[in-house]
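A quick write-up on the structure given underneath.
FYI, it's all coordinate maths here, none of it is from the lab. For clarity, every value in this text was computed on a predicted model and none was experimentally measured. We place every Cβ from the backbone using ideal geometry, glycine too, and count neighbours over all the protein chains shown.
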Amino acid sequence: MFMGGLNINNFIKKEVQNFLNEASVVKDNRFHFNQRLNNSSFSNYDTFTSEFDANIIESDIVITWIVLFWLNDMGIENFVIEVEKAEGTFTIEMRDKHSDEIKQNTPKNINDFNWKFVIDDAVLQKSGSLYISGLEFDFKSQICKLKF
């Protein structure tokens with residue numbers, strides 16, 4: 001099959017190559033990070049128990065994240081942060097609803113939940129730093145917001 005003297009397969013290959021050349025993604029292990037956070041916040045965890053008042057009292061979470069750069073012929077077009085995984089634990093404290101006495105402290109694995117990670121306004125500036133300053137886990141929506 002010919003189209004204006006060009007084979008359709010060659011035409012498609014040429015268009016795909018043009019698209020790939022416009023913006024390429026740079027993924028480099030130097031932009032791969034593991035960051036430990038002990039200041040995570042948690043919401044909507046009341047589904048863990050109806051018999052007790054529950055509170056998450058501590059956490060130790062490690063986030064593995066990477067920065068990807070989109071390049072074009074003129075320089076860096078954009079950057080994207082992707083979370084590869086979250087590992088660690090949090091502890092649920094359960095108290096008697098009437099006496100407020102601690103009945104149980106239960107460690108839980110953060111990997112037991114299917115989290116969707118959302119990046120909350122990460123800004124990369126010349127001579128600036130880019131670190132995760134906090135995590136917000138919402139058990140109802142199973143969304144974890146990363147604050148930079």
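Brief remarks on what is shown
- Summed side-chain charge close to Asn109 - residues other than Asn109 whose Cβ falls under 15 Å, Lys, Arg +1, Asp, Glu -1: -2
- The string of couplings for region 61-69 from the Karplus curve (6.51, -1.76, 1.60, θ = phi - 60°) is 10, 10, 9, 9, 9, 9, 9, 10, 10 Hz, one whole number per residue in order, with x for Gly and Pro.
- Lys/Arg +1, Asp/Glu -1 at C-beta; region 24-147 dipole; positive extreme among Ile143, Val25, Phe113: Val25
- Amide H contacts of Phe42 (H built 1.01 Å from N, in plane; Pro and chain starts excluded): Phe137 sit under 5 Å, all sequence-distant by 5 or more or on other chains.
- Considering helices alone, the calculated mean residue ellipticity of the chain at 222 nm is -3500 deg cm²/dmol, with DSSP H runs of length four and up weighted by -39500 (n - 2.57) and normalised per residue.
- Along the chain, longest interval not containing exposed trypsin sites (Lys or Arg not before Pro), exposed being DSSP loop plus at most 15 other Cβ atoms within 10 Å: 28-96
- The mean sequence distance of close C-alpha pairs (under 8 Å, at least 6 residues apart), as a share of the length of the chain, puts its relative contact order at 21 percent.
- Among Asn44, Val83, Ala54 - extreme Cα towards positive end, dipole of the chain, charges at beta-carbon: Val83
- Amide H partners (placed H, <5 Å) of Ile56, local residues excluded: Glu93
- Residue pairs exceeding 28 angstrom between C-alpha atoms, taken from Lys27/Lys108; Lys108/Lys140; Lys27/Lys116: Lys27/Lys108.
- Summarising the amide proton neighbourhood of Gly134: residues at separation of 5 or more, or on other chains, whose placed amide H is nearer than 5 Å comprise Lys147.
- Counting neighbouring Cβ atoms within 10 Å and putting the fewest first, the residues Trp65, Trp115 line up as Trp115, Trp65.
- 0 to 90° range, to nearest 10: angle between helix 8-22 axis and the chain longest Cα axis: 60 degrees
- Mean-square fluctuations from a GNM of the chain, with a 10 angstrom spring cutoff on Cα atoms, peak among Glu58, Glu82, Glu101 at Glu101.
- Charges were assigned to the Cβ only: +1 to each Lys and Arg, -1 to each Asp and Glu. The resulting dipole of the chain about its Cα centre is roughly 560 debye.
- Largest-first principal axis extents, alpha carbons of region 13-148, Å: 71, 36, 21
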